[in-house]
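Worksheet: one structure, shown below.
Computed from the coordinates by the stated procedures, all read-outs in this text should not be read as laboratory data. Bear in mind that the values here come from a model prediction, so they are computed numbers and not experimental data. For neighbour counting, all protein chains shown are included, and Cβ atoms are generated from backbone atoms with ideal geometry for every residue, glycine included.
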Amino acid sequence: MPLAHKYSELLPWGGKITSESLRFFSPAVIWTIFEPTEANHQVLYAAFMDYYQVWLELMDEAAREISEEKIDRNREAQHKYLTWRAEKV
């Protein structure tokens with residue numbers, strides 16, 4: 001989780017988030033509130049680009065899942081997330 005540590009001081013934790021919400025997010029999530037300054041926007045954009053680069057690397061390394069059990073578990077988890085999001089709107 002080097003990225004989470006890299007940005008934790010520049011983008012401090014933004015306050016309360018429910019345990020219900022946390023179950024859907026990575027421990028490396030950026031959850032912050034900051035003043036809308038140019039410097040803060042630059043830090044946030046840099047964090048976005050770093051996280052995006054890691055995501056691209058993960059996609060390059062990803063293997064196609066062939067386990068029906070894991071596929072079903074992933075579908076169920078995605079459905080739970082989408083249902084949760086729909087209820088929050």
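General remarks:
- Annotation: His5 fulfils all but one of (1) loosely packed, with under 10 Cβ neighbours inside 10 Å; (2) out of contact with any helix residue (DSSP H, G or I) (no Cβ under 8 Å at 6 or more places or on another chain); (3) not in a helix (DSSP H, G or I); the unmet one is (3).
- Scanning region 26-57 for residues that are within 12 Å of the chain's Cα centre (by Cα) and either surrounded by 12 or more Cβ atoms within 10 Å (Cβ to Cβ) or part of a helix (DSSP H, G or I) (or both) yields Ala28, Val29, Ile30, Trp31, Ala47, Phe48, Tyr51, Tyr52, Val54, Trp55.
- For region 58-75, the candidate set comprises residues that are out of contact with any helix residue (DSSP H, G or I) (no Cβ under 6 Å at 6 or more places or on another chain) and surrounded by 10 or more Cβ atoms within 10 Å (Cβ to Cβ); within that set, the residue that is farthest from Ala4 (Cα to Cα) is Asp72.
- Qualifying residue in region 24-32 (condition: in contact with a Lys or Arg (Cβ under 9 Å, 6 or more places away or on another chain) and at negative phi): yes
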